[in-house]
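Participant: Would you mind keeping the following structure in view while I ask a few things?
Derivation of every value follows stated rules applied to the coordinates shown; laboratory data play no part. Predicted, not measured: the structure shown is a model, and the values here were computed from it. Backbone-built Cβ (ideal geometry, glycine too); neighbour counts: all protein chains shown.
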Amino acid sequence: MAEPKANVVMEKIVSLCKRRGFIFQSSEIYGGINGFWDYGPLGAELRRNIRDSWWNDMVRSRDDVVGLESSIIMHPKVWEASGHVAGFTDPMVDCKVSKQRFRADQIYFSPVIVDGKTVSYVCALESDRIAEELQESAETYKRKKAIQGKLEPVQPREFTEARPEEIPLVPSPATGEPGSLTPPRAFNMMFQTYVGALRDESAIAYLRPETAQGMFADFKAVLDTGRVKIPFGIAQIGKSFRNEITPRNFIFRSREFEQMEMEFFISDEDDWQKWHRYWIDWCRDWLISIGLPASEISEYNHPKEKLAFYSKGTTDLMFRYPFGVQELWGIAARGDYDLSQHAKFSGTALGYFDEATKRRYVPHVIEPAVGVDRILLAILCSAYHEDQMPDDKGKMETRVLLKLHPRVAPIKVAVLPLLKNKPNLVSKAQEVRDLLRKHMNVFYDDTGAIGRRYRRQDEAGTPFCVTVDFETFEGMKEGPLAGQSDTVTVRQRDDGKQERLPISGLLGWLMERIR
Ligand code: GAP
């Protein structure tokens with residue numbers, strides 16, 4: 001289970017998200033629905049900025065990647081060919097007493113061995129501290145039962161590896177008592193629906209569990225448009241749906257989420273490792289470009305024996321979330337598996353003819369696949385800060401701020417007239433807002449003390465606040481802009497520093513910093 005400190009940080013982030021309108025529980029007025037989330041006014045902007053940044057860098061700025069928007073519901077045979085109907089399963093375990101469900105690969109257990117003899121079993125849910133938690137539980141068990149002798153170190157194993165005779169002996173994570181866990185069984189995570197008026201087998205269809213299959217199913221259609229030559233990629237952003245057994249950690253694992261995937265097709269004779277490395281580095285650099293700290297990103301190479309039979313290699317970019325280091329972005333070398341499968345199931349040739357060598361072959365693919373929601377959570381977690389700043393009366397107070405990169409910040413600049421009841425301040429501030437709003441998302445706020453307004457923007461992650469005050473009209477009394485009117489104060493979020501700028505130079509100054 002997660003450390004208490006991690007829980008506190010997550011609670012603060014969840015509460016900020018609700019308070020400031022980033023993320024709400026879906027259908028909250030009806031008690032909510034587990035695994036589904038709504039994005040409020042600030043969350044919708046943040047998501048859009050993440051998507052737009054990725055699309056700009058992945059598609060628009062490159063000559064070798066084109067975009068696609070395929071349908072969410074596709075022909076059911078797509079999912080037979082891809083292997084999802086038969087194999088897109090997680091091992092599920094029921095606790096017969098608590099009626100809770102678990103993923104067997106997220107339950108860990110160990111025998112409690114004293115003087116070489118197994119006296120009981122302990123269990124823990126997946127976390128960064130599995131071995132420590134199991135060891136603590138084993139020590140507690142031995143102490144409570146007053147068992148004499150030497151306790152051996154625990155041997156953590158996944159519940160998927162439990163032998164049939166061990167299953168009734170492993171305590172349930174819900175009740176702490178043994179005897180209520182069922183053996184793991186395969187649970188298909190695809191959401192099923194019916195297309196058309198009939199509700200029989202022939203009408204069954206699925207909500208897509210990944211966007212990737214759209215790129216394979218449309219490979220020939222894109223190729224036939226004649227704009228692309230190997231090596232090239234097809235990219236897509238869109239919703240995916242998985243009936244996760246245990247949605248958790250806020251938006252980290254949900255049942256409806258959004259993916260940004262790209263299938264990069266290369267020659268079967270090309271060096272796939274070179275391309276794999278290229279895309280891992282690209283993804284890492286891109287994460288850093290939107291503000292994630294390099295120190296929190298690591299790489300995890302899937303062990304060969306755990307890869308699907310067709311996969312040549314998969315590397316995950318991992319991020320240090322408050323609840324542990326977890327997968328953010330998977331970069332997989334999938335060989336020619338997907339195109340070959342769709343060629344087999346559809347009867348359509350999905351090869352590529354190389355004009356230069358006059359050779360036909362089935363391209364191989366490198367696939368970087370990431371979830372928008374996981375990036376958004378990583379951004380929020382790394383941006384969340386608390387510091388001390390003086391309030392309006394100069395008294396130090398704790399300030400909560402989101403140090404969002406200006407590229408993704410939902411509001412780029414807030415425009416604030418110093419006082420609401422001075423018509424000249426208000427109309428000048430509105431003039432500045434109208435000047436800027438054609439180029440960026442601007443928020444106009446004239447309610448409350450100026451310090452309180454700054455704090456609200458700090459919590460929203462707004463990098464700049466522009467204040468229109470009396471000196472805007474009277475002219476500056478001193479400093480480099482002495483005597484000059486039509487100036488404003490620009491306050492920077494992270495250090496609270498303020499500087500004076502002429503309104504005529506404001507747009508250029510801001511554009512330079514938000515790009
Ligand atoms: N086409 C390959 C594919 O879908 P995946 O590892 O299952 O691979 C890719 O998913 C990415 O999608 C993950 O790295 C993660 O960022 C995101 N993702 C997967 N399942 C998710 C879920 N239930 N909730 C939120 N994001 C999810």
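Participant: In terms of Cα to Cα distance under 19 Å, which aspartates and glutamates are near enough to K99, apart from those fewer than 8 places away along the same chain?
Facilitator: Here the aspartates and glutamates satisfying the reach criterion relative to K99 are D90, E177, E244.
Participant: How many percent of the alpha carbon pairs in region 70-132 exceed a separation of 13 Å? If you can, show how the numbers build up before the last one.
Facilitator: Numbers: 1487 of 1953 pairs.
Result: 76 percent of Cα pairs exceed 13 Å.
Participant: Could you work out the relative contact order of the chain, using alpha carbon pairs under 8 angstrom and six or more residues apart, expressed as a whole percent?
Facilitator: Relative contact order, the chain: 13 percent.
Participant: As a check on your grasp of the helix formula, calculate [θ] at 222 nm for the chain: sum -39500 (n - 2.57) over DSSP H runs of n ≥ 4, divide by the residue count, round to the nearest 500. Walk me through the numbers on the way to the answer.
Facilitator: On the way: 14 runs with 151 residues, N = 515.
Computed ellipticity for the chain at 222 nm equals -9000 deg cm²/dmol.
Participant: Helix 337-346 versus the longest principal axis of the chain: what is the Cα-based angle in degrees, 0 to 90, to the nearest 10?
Facilitator: Between helix and principal axis, roughly 70 degrees.
Participant: On a full-extension model of 0.36 nm per residue, what is the gain between Q492 and E132, subtracting their alpha-carbon distance, rounded to one decimal in nm?
Facilitator: Values: separation 360, 0.36 × 360 = 129.60 nm, distance 4.35 nm.
Result: 125.3 nm gained on full extension.
Participant: Starting from the Cα of K18, step 7 Å toward the Cβ, then list every residue of region 363-397 with an amide N under 20 Å from that point.
Facilitator: 377-378, 380-381, 384-385
Participant: Please compute the Cα-Cα pair-distance distribution of region 1-113 with 10 Å bins starting at 0, giving whole percents from short to long.
Facilitator: 10, 18, 30, 31, 10, 2, 0
Participant: What's log10 of I(q)/I(0) for region 452-510 at q = 0.15 Å⁻¹, Debye sum over Cα points only, no solvent?
Facilitator: -0.45
Participant: Relative contact order for region 241-372: what is it in percent, counting Cα pairs under 8 Å that are at least 6 residues apart? Working shown, then result.
Facilitator: On the way: 201 pairs, mean separation 40.6, N = 132.
It rounds to 31 percent for region 241-372.
Participant: Compute the long axis of helix 272-289 from its Cα atoms, compare it with the longest principal axis of the Cα atoms of the chain, and write down the angle in degrees, 0 to 90, nearest 10.
Facilitator: 40
Participant: While we're looking at this one, here's another question. Going by how many other beta carbons lie within 10 Å of each one, how would you line up R500, R284, fewest first? Don't skip to the end; give the middle numbers.
Facilitator: On the way: R500 15, R284 18.
Going from sparsest to densest Cβ surroundings: R500, R284.
Participant: Take the Cα of W509, step 7 Å along the line toward its Cβ, and report every residue of region 411-426 whose backbone nitrogen sits under 14 Å from that point.
Facilitator: Taking a point 7 Å out along Cα→Cβ of W509, the residues of region 411-426 whose backbone N falls under 14 Å are 413-416.
Participant: With both bridge residues required to lie in the chain, what share of the DSSP beta bridges run antiparallel, to the nearest 5%? Please report the intermediate quantities before stating the final value.
Facilitator: Numbers: 83 of 95 bridges.
That works out to approximately 85 percent antiparallel.
Participant: For L339, what charge total do you get from the other residues with a beta carbon under 11 Å from its beta carbon, if Lys and Arg give +1 and Asp and Glu give -1? Before the final figure, lay out the partial values.
Facilitator: Values: positive: K220, R334, K344; negative: E263, D268, D336, D338.
Summing Lys/Arg as +1 and Asp/Glu as -1 gives -1.
Participant: Going through region 450-498, which GluC sites (Glu not before Pro) have at most 14 other Cβ atoms within 10 Å and a DSSP loop state? The partial results should precede the final answer.
Facilitator: Details: sites: E459, E471, E474, E478; in loops: E478.
Answer in residue order: E478.
Participant: Within region 231-370, what is the number of lysine pairs with alpha carbons under 26 Å apart, leaving out pairs fewer than eight places apart on the same chain? Walk me through the numbers on the way to the answer.
Facilitator: Numbers: K274/K304; K274/K306; K274/K312; K274/K358; K304/K312; K306/K344; K312/K344; K344/K358.
For region 231-370, qualifying lysine pairs total 8.
Participant: Further question on the same structure: Which pairs, out of K12/K403; K395/K422; K412/K477; K117/K145, put more than 20 Å between their alpha-carbon atoms?
Facilitator: Pairs exceeding 20 Å: K395/K422; K412/K477.
Participant: While we're here: Normalising by the residue count of region 224-282, find the relative contact order in percent from Cα pairs under 8 Å and 6+ residues apart. Provide the component values of the computation, followed by the final result.
Facilitator: Details: 55 pairs, mean separation 22.1, N = 59.
For region 224-282, the relative contact order is 37 percent.
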